[in-house]
1. One residue is enough: does segment 359-381 have a residue meeting the conditions touching a residue at least 60 places away in the same chain (Cβ under 8 Å), closer than 30 Å to SER277 by Cβ, surrounded by fewer than 18 Cβ atoms within 10 Å (Cβ to Cβ) and not charged (D, E, K, R)?
2. Only one of these conditions is not met by ARG35: (1) part of a strand (DSSP E or B); (2) away from ligand 1 (no atom under 12 Å from the Cβ); (3) out of contact with any Lys or Arg (no Cβ under 8 Å at 6 or more places or on another chain). Which number is it?
3. Look at segment 5-57 and say how many of its residues are within 16 Å of ligand 2 (Cβ to nearest atom), over 15 Å from LEU221 (Cα atoms) and more than 28 Å from the chain's Cα centre (by Cα).
4. For segment 128-140, what are the residues that are open to solvent by 40 Å² or more (accessible area, probe 1.4 Å) and under 13 Å from GLN155 (Cα atoms)?
5. In segment 96-127, how many are surrounded by 13 or more Cβ atoms within 10 Å (Cβ to Cβ) and closer than 21 Å to GLN402 by Cα?
6. Do you know which residues across segment 28-48 are more than 24 Å from ASP198 (Cβ to Cβ) and either outside the structural domain of ARG17 (by TED's automatic domain parsing) or open to solvent by less than 40 Å² (accessible area, probe 1.4 Å) (or both)?
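The values are calculated or read from the model by the stated rules, or taken from the named source; none is laboratory data. Please read all numbers here as calculations on a predicted model, not as lab measurements. Cβ atoms come from the backbone with ideal geometry, glycine included; neighbour counts cover every protein chain shown. SASA here: full protein model, heavy atoms, side chains in, ligands and nucleic acids out. Shrake-Rupley method; radii C 1.70, N 1.55, O 1.52, S 1.80 Å.
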Amino acid sequence: MSNPLVKLEGVNFYYNRGKPSEMHALKDINIEIERGGYVAFFGPSGCGKTTLTYLIGGIETENADEGHIIVNGRDLRGLSKKELAVYRQVGVGIIFQQFNLLPSLSVVDNVALPMAFLGVNPERRKEEAMKLLERFGMGQYADRFPAELSGGQQQRVSIARALANNPPIIIADEPLGNLDSENANKALEILKELNEKDGRTIIMVTHEAWSLRDAKTIFHLKDGEVTKKEDSQKLEEIKPITAHLVKESHPAISPEHLAAKALSSMLLRGFSGEEISRLELFLAKRLSGEIDTPTFIDFLDSPFKEGGVGLWKQRAQKIARTAEDIVEERKHIHDIYLELEKFPETPLYEEVAKIRAWLLEDYQGTLSDIQIVRFDEAVEDRFRNIISPDNFKKVLELPRSQYGVGLAPHTSRTASERLETILSAEK
Ligand code: ADP
Ligand code: MG
């Protein structure tokens with residue numbers, strides 16, 4: 001498997017190491033999990049399933065004194081405590097068997113809590129939490145406390161909370177254990193939807209065979225060992241995030257269109273939908289090289305009635321210059337992706353530094369060394385698609401004391417929007 005999202009290499013894990021009660025809970029674990037996959041850890045109680053998810057979830061990693069736990073190319077055991085804390089907040093969402101909701105907080109506050117860590121303001125947190133609750137049919141229970149809900153309902157709240165920071169990996173530990181069959185089925189449906197529609201990588205832990213129905217890969221565990229790996233159905237070709245930049249995809253969703261979409265709404269914030277979609281159309285043509293710069297400017301400043309966008313000349317020129325920049329940057333990014341496809345582990349320092357300069361072109365201040373390191377890490381994570389566009393922006397905005405870059409909201413937003421125009425990853 002080239003460039004797996006999660007890779008465990010020779011991992012051993014002991015509880016109470018060196019004490020009489022020593023427990024060798026995981027023995028020489030070697031597994032790989034594909035981006036966008038749906039895997040199950042299957043085995044009897046006590047075989048080490050939960051311990052394994054703790055390691056992937058960045059919990060207890062400091063006790064795994066042998067082997068490597070690599071997520072998206074980075075060894076979790078090489079991360080500082082702070083980096084690990086960030087990973088736990090934005091890298092994975094865990095649905096615990098016992099739900100682990102805080103009894104003293106209302107349902108909506110439970111769901112909003114992980115966002116507080118990222119410094120999202122309280123109003124926005126509540127808004128996002130409500131959206132998640134509504135998605136799972138729990139909107140009307142927002143102000144209740146967990147104890148006032150049934151098991152199935154608590155489960156759905158716990159799923160909403162796991163999604164709060166938009167993590168690419170969802171871990172569900174025995175998610176069906178405390179549910180009746182109707183609610184268990186519902187929970188399985190949700191996991192499947194998160195995998196298929198939202199593109200999350202799902203890791204499901206279970207000791208019940210019937211609940212394996214949607215898993216594409218099953219790792220059988222026994223006494224701390226993986227005894228078998230089973231592909232329950234042939235994994236569909238999972239398109240790497242980069243594929244659309246390398247090969248031409250369906251014209252309706254070409255990378256140029258995606259970039260044009262992101263870019264036009266950024267450039268014409270406040271304009272009408274019609275103007276934005278017209279700009280989008282011309283941008284896509286310019287980005288794909290179908291029209292040249294003078295023609296592009298012509299379109300931009302032709303009157304709206306005549307099929308142009310109707311912009312003032314100055315504004316049209318400014319937009320054209322930005323588009324030229326982006327055409328250049330996209331070529332650059334294309335080369336990087338080609339390189340990454342061949343050599344997934346290639347460090348991106350230099351490329352990322354160039355991109356940083358471009359993203360922060362309009363930024364007046366100077367960054368400290370720490371800010372630069374964090375900024376570049378976020379760009380690289382975005383590149384490798386380990387964080388969402390939203391989380392990228394959050395990391396930039398988060399104060400330095402909370403391991404963010406500490407940029408102003410406006411600067412963070414501009415940088416994030418610019419980055420998306422060149423990545424134009426499919427949503
Ligand atoms: P599963 O989730 O498959 O039931 P676990 O990962 O919870 O298995 O546990 C694996 C083994 O490690 C079991 O034998 C369990 O008793 C032991 N174990 C789990 N947690 C601890 C702990 N905190 N301290 C000591 N032993 C533990
Ligand atoms: Mg368990």
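1. Checked against the condition, which is being touching a residue at least 60 places away in the same chain (Cβ under 8 Å), closer than 30 Å to SER277 by Cβ, surrounded by fewer than 18 Cβ atoms within 10 Å (Cβ to Cβ) and not charged (D, E, K, R), segment 359-381 yields no hits at all.
2. Going through the list (1) part of a strand (DSSP E or B); (2) away from ligand 1 (no atom under 12 Å from the Cβ); (3) out of contact with any Lys or Arg (no Cβ under 8 Å at 6 or more places or on another chain), ARG35 breaks only (1).
3. Here the count works out to 2.
4. So the first thing to find is which residues in segment 128-140 are open to solvent by 40 Å² or more (accessible area, probe 1.4 Å), and the list is 128, 130-131, 134-135, 137, 140.
GLY137 - this is the single residue of segment 128-140 that is open to solvent by 40 Å² or more (accessible area, probe 1.4 Å) and under 13 Å from GLN155 (Cα atoms).
5. Going through segment 96-127 one residue at a time, the tally reaches 14.
6. Listed by number, the residues that qualify are ILE29, GLY43, CYS47, GLY48.
For every residue, the table says whether it meets (1) within 25 Å of PRO389 (Cβ to Cβ); (2) open to solvent by 40 Å² or more (accessible area, probe 1.4 Å); (3) touching a residue at least 24 places away in the same chain (Cβ under 8 Å).
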site	(1), (2), (3)
PHE145	no, yes, yes
ILE171	yes, no, yes
GLY199	yes, yes, yes
PHE219	no, no, yes
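Listed here are the residues, each with its yes/no results for (1) hydroxyl-bearing (Ser, Thr, Tyr); (2) over 30 Å from VAL71 (Cα atoms).
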residue	(1), (2)
LEU279	no, yes
ASP298	no, yes
ALA353	no, no
THR366	yes, yes
ASP369	no, no
GLU380	no, no
SER388	yes, no
ASN391	no, no
